[in-house]
Amino acid sequence: MSSLLQVQDLQVGWGNKKKFTHILDNVSFTVKKGEAVGIVGESGCGKSMTALSIMGLLPANIEYDAGSIQFGSTDLTKLTQNEMNKIRGKDISMVFQEPMTSLNPSFTIGNQLAEAFKYHSNYSKQEIREKSIEVLKKVRVPDPAQKLDVYPHNLSGGLRQRVMIAIALACNPKILIADEPTTALDVTIQAQILDLMNDLRQTEDMAIMMITHDLGVVAETCDRAIVMYAGQVIEEATVEELFEAPYHPYTRGLMLSAPQLGELKEKLHVIPGTVPDIGSVTKGCRFAERCELATNLCREETPQLEEFDNERKVRCWHKMT
Ligand SMILES: Nc1ncnc2c1ncn2[C@@H]1O[C@H](COP(=O)(O)OP(=O)(O)OP(=O)(O)O)[C@@H](O)[C@H]1O
Ligand SMILES: [Mg+2]
């Protein structure tokens, strides 16, 4: 598979020349054509910031500091907002966690789909209507023609998320970034949306970047996983390899802390402590404070992301094998 998106040594943060705080620190990974990559990690580790960097939607106080985001022959970090507008929603689309805040409550579903088509195509009104119905069918919204005249608040959470996915799919993106697309939904609806995403990936031939704190979601939908911790990539592997034998103690902790069927009565493993504040760890491994394998080396020297066979990577002085 050829590479579609290449994030290389990306540094993103805020501050001034005197003091600059990196929220993303040397983040590197690749998404290949048609592949599903999971970005996983606890709250605050930089998953959404990674997505927003790719979309060119960084908050006003945050800036690119170094590194690149290569999409084809273009470095997305170098584009103006106008240039980025042409790519966003067309080649790269994003679905956000909370469908109610990303849909506009005062416009019908039809209006909002039409916006997505109008911006990137020259379709007539009639063509836009046909395309809108077609894309709602793709995401399995029942009675799609009738739904065009409905407002977001008249739809259930699951249907709103399907509409969000439809809007993201409108212009046949090459990559769909889904930031916690099912977190706000009931478990049964979650499963339906993940199932839909899996199917779309096959039929639409697009890559998916699935952002989640839930390793179960990664297992169900992804080919490869990137594990992030405190603004850094700490492990990367195929999903099979990762679940068979995680190299990083943090990944292992994440796995042990996920509830498994049949083990519900037993006490769940808890990773002690919390993710350190961004910028607070100035030397050594960022996970050292919480790691049962940590030694003086870990507290003093920063481990680099080391590459092994089959693009497998880990950032740890004492990798578990
Ligand atoms: N506008 C901002 N200015 C300064 N720091 C910010 C800003 N937005 C986010 N951050 C910080 O950046 C870090 C990464 O945030 P991010 O939203 O990417 O985390 P996340 O992994 O998506 O977490 P979650 O699972 O809770 O969504 C956090 O420590 C957060 O406090
Ligand atoms: Mg987030």
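The values are calculated or read from the model by the stated rules, or taken from the named source; none is laboratory data. Quantities reported herein were computed from a predicted structural model and do not represent experimental measurements. Positions of Cβ are backbone-derived with ideal geometry, glycine not excepted, and every protein chain shown enters the neighbour counts. Note: accessible area is taken over every heavy atom of the protein model, side chains too, but ligands, DNA and RNA are not part of it. Shrake-Rupley method; radii C 1.70, N 1.55, O 1.52, S 1.80 Å.
A few points about this structure:
- Residues within the range 36-45 that are open to solvent by less than 10 Å² (accessible area, probe 1.4 Å) and either in a loop (DSSP other than H, G, I, E, B) or near ligand 2 (Cβ under 9 Å from one of its atoms) (or both), tallied: 2
- VAL139 being modelled with pLDDT under 95, buried (at least 20 other Cβ atoms within 10 Å of the Cβ) and more than 29 Å from VAL12 (Cβ to Cβ): yes
- Near pairs, Cβ below 8 angstrom, 6+ apart or cross-chain, from the range 55-73 (free of Cβ contacts under 8 Å to residues at least 60 places away in the same chain and within 15 Å of VAL7 (Cβ to Cβ)) to any residue that is open to solvent by 80 Å² or more (accessible area, probe 1.4 Å) and more than 13 Å from ligand 1 (Cβ to nearest atom): GLY56/GLN81
- Top-ranked residue in the range 177-214 [being open to solvent by less than 60 Å² (accessible area, probe 1.4 Å) and polar (S, T, N, Q); ranked as farthest from PHE29 (Cα to Cα)]: GLN190
- Those residues of the range 1-44 which are at positive phi and polar (S, T, N, Q), in sequence order: ASN26
- Checking LYS17, LYS33 one by one, the residue that is open to solvent by 10 Å² or more (accessible area, probe 1.4 Å), more than 16 Å from ligand 2 (Cβ to nearest atom) and farther than 30 Å from GLU240 by Cα is LYS17 and no other.
- Every pair of residues 6+ apart whose Cβ atoms lie under 6 Å, when the first sits in the range 24-48 and is under 15 Å from LEU5 (Cβ atoms) and aromatic (Phe, Trp, Tyr) while the second is within 16 Å of ligand 2 (Cβ to nearest atom) and not in a loop (DSSP other than H, G, I, E, B): PHE29/ILE226
- Looking across the range 162-171, the residues that are touching a residue at least 40 places away in the same chain (Cβ under 8 Å) and open to solvent by 10 Å² or more (accessible area, probe 1.4 Å) come down to MET164, ILE167, ALA170, CYS171.
- Whichever residue in the range 88-120 is within 16 Å of ligand 2 (Cβ to nearest atom) and not in a helix (DSSP H, G or I) and, among such residues, is farthest from MET209 (Cα to Cα): GLU98
- Among the residues examined, ASN61 qualifies as within 16 Å of ligand 1 (Cβ to nearest atom), modelled with pLDDT of 95 or more and surrounded by fewer than 19 Cβ atoms within 10 Å (Cβ to Cβ).
- Members of the range 46-74 that are among the hydrophobic types (A, V, I, L, M, F, W, C), part of a loop (DSSP other than H, G, I, E, B) and within 13 Å of ligand 2 (Cβ to nearest atom): LEU57
- Summed over the range 301-310, residues that are assigned to a helix (DSSP H, G or I) and in contact with a Ser or Thr (Cβ under 8 Å, 6 or more places away or on another chain) total 1.
- Where VAL95 falls short, out of the listed (1) closer than 21 Å to LYS32 by Cβ; (2) without any contact (Cβ under 8 Å) to a residue 60 or more places away in the chain; (3) touching a strand residue (DSSP E or B) at 6+ places or on another chain (Cβ under 7 Å): (2)
- Which numbered condition THR77 fails, given (1) part of a helix (DSSP H, G or I); (2) touching a Phe, Trp or Tyr at 6+ places or on another chain (Cβ under 8 Å); (3) within 12 Å of ligand 1 (Cβ to nearest atom): (3)
- Tallying residues that are within 20 Å of ASN104 (Cβ to Cβ) and more than 13 Å from ligand 2 (Cβ to nearest atom) within the range 164-184 yields 8.
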